[in-house]
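The values are calculated or read from the model by the stated rules, or taken from the named source; none is laboratory data. All values derive from a computational prediction rather than experimental measurement. Cβ placement follows ideal geometry from the backbone for every residue including glycine, while neighbour counts extend to all protein chains displayed.
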Protein chains: 2
Amino acid sequence: MGTPTREKLLDAGLQLLLERGYNGLGIQELLRTTQAPKGAFYHHFESKQDFALQVVDRYMEEVHQGLKLCLEDDSLPPLERIRRFFELSRDKYSRDGYLGCMLGGLGQELSGTHEAFRTRIEACFAFIADRFADCIEQARLRGEVADSTDPLEAANLLLDCWEGGALRCRLWRDPEPLNRVLDFCFGSLRAEAASTV
Amino acid sequence: MGTPTREKLLDAGLQLLLERGYNGLGIQELLRTTQAPKGAFYHHFESKQDFALQVVDRYMEEVHQGLKLCLEDDSLPPLERIRRFFELSRDKYSRDGYLGCMLGGLGQELSGTHEAFRTRIEACFAFIADRFADCIEQARLRGEVADSTDPLEAANLLLDCWEGGALRCRLWRDPEPLNRVLDFCFGSLRAEAASTV
């Protein structure tokens, strides 16, 4: 079990990283925000990079919960499960003040310079896409997407378009870009199935 | 006409901002890279923010040239003009080492903390989307996209999905995410027209 200080640092880090990015995050400010004693940071974390990677792990815990909640909900058709996951993400962005997706933010900021972040963030996206692909394969077998659909390719496409919408919602401070991406992508996947029946 | 030192700083800044982002860019390193004399930076630029905003202007000059070259090419059908613009952008990303789009990068990194960047980057996207919308309206009149298509909405959608692909190409160091987005988005826009004929 984590100590309260470690948890407080990770929680505050999540919000600060989302807002300011990695290079914009100051350890001093993090300590001030959490009222953690000086020295607490390096007691709990090896380095700023170690800290931020642990914040990514924390972020992914929430993603895992959301994936489980949505993608395993057999009461919804398979494509609707994925859409529901995105809608819950959108609602989370709303609560955060439309700062977008932390994976997209850190991926943009750091993948040109920090190989550890490039591989970790890509592994997160690949994990999510794999889970989506299972649902898309179910949708394919039910004729809800075109038979020729490559499930993993479609999954990556959905995720990439979503991340573009997440960037734009950060610029707009508004969910419209996210809703537009969802309507277009899910509408198109379904239309392809209808046109090939 | 700009002085050579100013131009050298802007050129080097473009590559460094793309690779490292704003907070990861050091003025000392910029001066070393360009072998500019100490003091040259603040002779030419008010601040780091002023410098980066001028780099964005420089980036947009290239975008304007690309838009003019592609969107005014009457030898191509309207949708193909937009696709050609994206393909030229993809080729540029390739030359840069697949670091993605500087507008997307700075938009992600800074829009949570720097209002000046949030508004400037959004203005750049809005300008590009407006130009796309003109072509989409032409495509609509020619029946190449569904009659019900809102040109500006479709333009923003294309741009947002592209930016998501640009982020993923930065993570993959590979153009596949960009090609996947183009095939899906242009295919879907056309399919909507075909299904409503």
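Any idea which residue in segment B:1-58 is nearest to B:ALA116 (Cα to Cα), counting only those that are hydroxyl-bearing (Ser, Thr, Tyr) and surrounded by fewer than 13 Cβ atoms within 10 Å (Cβ to Cβ)? Break it down stepwise before answering.
Start the filter on segment B:1-58 by keeping residues that are hydroxyl-bearing (Ser, Thr, Tyr), which leaves B:3, B:5, B:22, B:33-34, B:42, B:47.
Checking which are surrounded by fewer than 13 Cβ atoms within 10 Å (Cβ to Cβ) leaves us with B:3, B:47.
Values: B:THR3: 26, B:SER47: 13 Å.
Across segment B:1-58, the extreme among qualifying residues is B:SER47.
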Exercise. Restricted to segment B:35-53, and to residues that are in a helix (DSSP H, G or I) and among the small types (Gly, Ala, Ser), which residue is farthest from B:GLY104 (Cα to Cα)?
Worked result: B:ALA40
For this session: Consider A:ARG81 carefully, then state whether it is buried (at least 19 other Cβ atoms within 10 Å of the Cβ), away from chain B (no Cβ under 14 Å) and of a type in the set (Lys, Arg).
Result: yes
For this session: Please identify the pairs in which a residue from segment A:117-143 that is under 19 Å from A:HIS64 (Cα atoms) and more than 10 Å from chain B (Cβ to nearest Cβ) has its Cβ atom under 9 Å from the Cβ atom of a residue that is modelled with pLDDT under 95 and assigned to a helix (DSSP H, G or I), counting only partners at least 6 apart or on another chain.
Result: A:ILE136/A:LEU189
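Say whether the condition of being in a helix (DSSP H, G or I), within 14 Å of another protein chain (Cβ to nearest Cβ) and out of contact with any strand residue (DSSP E or B) (no Cβ under 9 Å at 6 or more places or on another chain) is met by at least one residue in segment B:59-71. Walk me through how you get there before you give the answer.
Pass one, segment B:59-71, residues in a helix (DSSP H, G or I): B:59-71.
Filter once more, so that each one left must be within 14 Å of another protein chain (Cβ to nearest Cβ): none.
Checked segment B:59-71: no residue is in a helix (DSSP H, G or I), within 14 Å of another protein chain (Cβ to nearest Cβ) and out of contact with any strand residue (DSSP E or B) (no Cβ under 9 Å at 6 or more places or on another chain).
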For this session: Could you tell me which of the residues A:ARG32, A:ARG81, A:ARG95 is touching a Leu at 6+ places or on another chain (Cβ under 7 Å) and either without any contact (Cβ under 8 Å) to a residue 60 or more places away in the chain or part of a helix (DSSP H, G or I) (or both)?
Result: A:ARG81
Exercise. If a residue has to be touching a Lys or Arg at 6+ places or on another chain (Cβ under 8 Å), charged (D, E, K, R) and either surrounded by 21 or more Cβ atoms within 10 Å (Cβ to Cβ) or outside any helix (DSSP H, G or I) (or both) to count, how many in segment B:126-158 make the cut?
Worked result: 2
Seminar exercise, completed: When segment B:182-197 is checked residue by residue, the ones that are closer than 17 Å to A:ALA154 by Cα and either more than 7 Å from every other protein chain (Cβ to nearest Cβ) or in contact with a Pro (Cβ under 7 Å, 6 or more places away or on another chain) (or both) are B:LEU182, B:ASP183, B:CYS185, B:PHE186, B:GLY187, B:LEU189
Exercise. Among the residues of segment A:151-165, which ones are among the small types (Gly, Ala, Ser) and more than 8 Å from chain B (Cβ to nearest Cβ)?
Worked result: A:ALA154, A:ALA155
Exercise. Does B:PHE86 satisfy being within 19 Å of B:ARG173 (Cα to Cα) and aromatic (Phe, Trp, Tyr)?
Worked result: yes
For this session: Please work out if B:SER188 is polar (S, T, N, Q), within 16 Å of the chain's Cα centre (by Cα) and outside any loop (DSSP other than H, G, I, E, B).
Result: no
Exercise. Just checking, how many residues over segment A:166-176 are surrounded by fewer than 24 Cβ atoms within 10 Å (Cβ to Cβ), at the interface with chain B (Cβ under 8 Å from one of its Cβ atoms) and charged (D, E, K, R)?
Worked result: 0
For this session: Tell me which of these A:TYR22 doesn't satisfy, since it passes every other one: (1) assigned to a helix (DSSP H, G or I); (2) of a type outside the set (A, V, I, L, M, F, W, C); (3) closer than 22 Å to B:GLU109 by Cβ.
Result: (1)
Exercise. Would a scan of segment B:3-17 turn up a residue that is of a type in the set (Ser, Thr, Tyr), modelled with pLDDT of 95 or more and part of a helix (DSSP H, G or I)?
Worked result: no
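Out of curiosity, is A:ASN179 at the interface with another protein chain (Cβ under 8 Å from one of its Cβ atoms) and modelled with pLDDT of 95 or more?
On the way: at the interface with another protein chain (Cβ under 8 Å from one of its Cβ atoms): no; modelled with pLDDT of 95 or more: yes.
Taking the combined requirement at face value, the residue does not satisfy it.
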